[in-house]
Amino acid sequence: MVHRPRATLSRVMDDLGSTLLEVVAGRVDPATEVGGVVFHDPLDPPDLTDKTLVLGVGLAGADEITTVIRDIGKAGAAGLVVRVPVETSRAVQEAVRDSDVVLFGLTRGASWAQVAALLRSLLAVDDLGGGDGETLAGAAAGDLFALAGAVSELLDGPVTIEDLNSRVLAFSADQDQADEPRKETVLGRRVPERFTRELERRGVFRALYGSDQPVFVTGLTGVDLPRVAVRVRAGDEVLGSMWAAVTGPLSAEREQAFVDSAKLVALHILRQRAGADVERRLRAELVATLLEGGPSAAEAAGRLGVAVGPSCVLALTVREHGDASRVEAELQRVTGAFALHLAAVHPRSAVALVGGVVYGVIPLAERDIAADRRAVAVAREFVDRIRDHDAVVIGIGRIADDASELPRSRADADRALRVLRNGRAPSRVARAEDVWAASLLLELGDLMAAERQEPSGPVGRLADYDAKHRGELVETLRAWLDAFGDVGRAAATLHVHPNTFRYRLRRIGEIGGIDLDDPEARFAAMLELRLSPGH
C-alpha cells in the first residue's frame, strides 16, 4: 500500500497551537497521523476511526474527562479537546498516560464550530489544489470577498477587510458608493500611509484593537464619509480589522450584526491561512517524495500532475548570509515567482521549498542536447527576469527518463547549486557537468574536514614561511601557475620586477621542496592551492 501524506498531531499544533489549542496533558508524537474529527456526545457516542480527535463540548469536571479519555483511548483516539481552564487531577494524568490520548485545551473566545472547521480543513490533505466544497455561514471557506459582500449588504455600506498592517485582504463590490480615499485604498490594496499615521496619532488603532465593540471615526483629513471599524479576533490573537464607509453611526441592530460578522471573518481568515499552509506543506512533502525516489515516487508524480516522461530537476536558492527569518521570507517569495515562471513554460511542472532549497521538476520533450539546452534557457530566463535579486542561483540536474531517475538528477542539481552558492562559478546558472571540477574540489574539502586534515605539502610549507617572514611566496606560486609559467605576465599581476619574481621562484623551490619543472609536482601544487583555507 502506498503511503499518503496526512495531517499529524504536530502539524495541528504548528498550525493552530498559537491561536486555538494548547497541550494540557500528554505528549504530542510528531509521527501520529490524525484520522478524523468528531464531537463527543454522551447520549449517542460516535464511531471513532483510528487516531481520531474528539471535541469534548461541555466536558469540564476531572472525573468526566477521565472517563471519556479512557473510553476513547480504547477505540484508538489520538486526542481529546476540552475548553480551558481544564481541571487535571491525578486520575486525568493517569488516564492520559495509560491510553496515549493527548488532552488539549481550546482557548476562550473560540467556537467549537471554528475549531472543527479548521481541523477538518487540515485533514483534507488528499485534496491538493482542489476545493472541498466547505462553506462557512453560506460563503465558501476562506472566501473573504464573498463575506465582505455579505457584510456590505447588512450595513448598506462598502466594506474592506484588512490585516494588522492595513493591507486590504478583501473588499465588497460596491466601492463606487464610497469616497476617493476608499477607492485609493482598494486600488492600492492597502490604506495610504497618510491615513494610517493620522489614525495612529488619534489613537484609533489602540481603541480598535483594545475592544470587541465597533469604533466610529469621523473628521479624517480629506475623507468625506465616516468610517466604522471592528477588530477581527480569534481567541487571544488579533488578526486584523473590518472597515465600512457609512453615512452615520450604526443602529444597535446593525452594530451587533457588524460584531457578529467579525467573528465569521476571523473564521474565514484562519481557514484561508490554514488551508494555504496545508497545501504548501503537502506540496513540499510530495515533491520531496518525488525527488527521493522509491515506490511512492510514481504516485507523488501523479498527485502533483508532473509529466511521467523525460524531465530534470532545477535547484534554486539565494546567496545571502544574514537574518534567518529574512532569508526564509525571501525564499518563500522566490518560490512563488519560480512556480509561476515554470507553470507558464511547462504546465506539468512542480515547485516546492524543501529543506531551504527551492526545487523545480520540469518535463522535457526528449532526452537530447536540445532538451538539455532548453532546461538551461528556462533557468536563465528566470534569473534574468528577477534582476532585483542578483543573489538567486540555479543548479540544473541531468535529464531523467522517468520518476525513478529523478533522485540522481536532484543530486546533480544540488552539486551544481553548492558550487554556485560558494561563488566558485561566474554564472548564476550551471549544470553539474559545467562545474564538475569545482564540485569535486568541494567534496574533497569535505573529506579533508571530516578527517581533520589540512594541506601539508609544499604549499603548506610555503604558507608557514610566509606567516613567519611576511613573505609572498604562496601568491607568487599561484600567479606563476595561473600564467602558465609566463614570468613577465605573472610578475605584472603582482606588480614586481621579473627578476624579483624569478628570485622568488628559486626560493619556492628551496623552501617548498617543489620541482616546478615536474608536471606532477605542478598539478599537486595547484590542487593544494585550491584546497587551502581562504581560497
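The values are calculated or read from the model by the stated rules, or taken from the named source; none is laboratory data. Please read all numbers here as calculations on a predicted model, not as lab measurements. Because the Cβ atoms are built from the backbone with ideal geometry, glycine has one as well, and the counts that use them run over all protein chains shown.
Descriptive notes on the structure:
- Filtering region 274-290 to residues that are surrounded by 21 or more Cβ atoms within 10 Å (Cβ to Cβ), modelled with pLDDT of 70 or more and among the aliphatic types (A, V, I, L, M) leaves LEU282, LEU286, VAL287, LEU290.
- Per the conditions (1) surrounded by 18 or more Cβ atoms within 10 Å (Cβ to Cβ); (2) assigned to a strand (DSSP E or B); (3) touching a residue at least 40 places away in the same chain (Cβ under 8 Å), the sole criterion not satisfied by ALA170 is (3).
- Members of region 165-214 found to be closer than 16 Å to LEU239 by Cα and of a type in the set (Lys, Arg), listed by number: ARG167, ARG190, ARG206
- Verdict on LEU106 being among the aliphatic types (A, V, I, L, M) and at pLDDT 85 or above: yes
- The set of residues in region 470-508 that are surrounded by fewer than 16 Cβ atoms within 10 Å (Cβ to Cβ), more than 51 Å from the chain's Cα centre (by Cα) and not β-branched (Val, Ile, Thr) comprises ASP486, GLY488, HIS497, PRO498, ASN499, ARG502, TYR503, ARG506, ARG507.
- Residue list for region 340-385, filter: in contact with a strand residue (DSSP E or B) (Cβ under 7 Å, 6 or more places away or on another chain) and assigned to a strand (DSSP E or B): ALA350, VAL351, ALA352, VAL357, VAL358, TYR359, GLY360, VAL361, ILE362, PRO363
- Tallying residues that are at pLDDT below 90, out of contact with any helix residue (DSSP H, G or I) (no Cβ under 6 Å at 6 or more places or on another chain) and of a type in the set (A, V, I, L, M) within region 407-436 yields 1.
- When the criteria are applied in full, SER404 fails the requirement of being more than 19 Å from ALA288 (Cα to Cα), hydroxyl-bearing (Ser, Thr, Tyr) and part of a helix (DSSP H, G or I).
- Hey, GLY445 outside any loop (DSSP other than H, G, I, E, B) and at pLDDT 80 or above or not: no
- Selection over region 198-214 of residues that are assigned to a helix (DSSP H, G or I) and out of contact with any helix residue (DSSP H, G or I) (no Cβ under 7 Å at 6 or more places or on another chain) gives a count of 8.
- Total residues in region 215-243, condition surrounded by 16 or more Cβ atoms within 10 Å (Cβ to Cβ), out of contact with any Leu (no Cβ under 7 Å at 6 or more places or on another chain) and not in a strand (DSSP E or B): 4
- Looking only at residues of region 361-395 that are of a type in the set (Gly, Ala, Ser) and at pLDDT 80 or above, we find that the one that is nearest to ARG348 (Cα to Cα) is ALA375.
- Contact map, region 415-433: residues that are in the same structural domain as VAL383 (by TED's automatic domain parsing) and farther than 14 Å from VAL313 by Cβ paired with residues that are surrounded by fewer than 18 Cβ atoms within 10 Å (Cβ to Cβ) and small (Gly, Ala, Ser), Cβ distance under 8 Å, separation 6+ or inter-chain. Pairs shown: LEU420/SER427.
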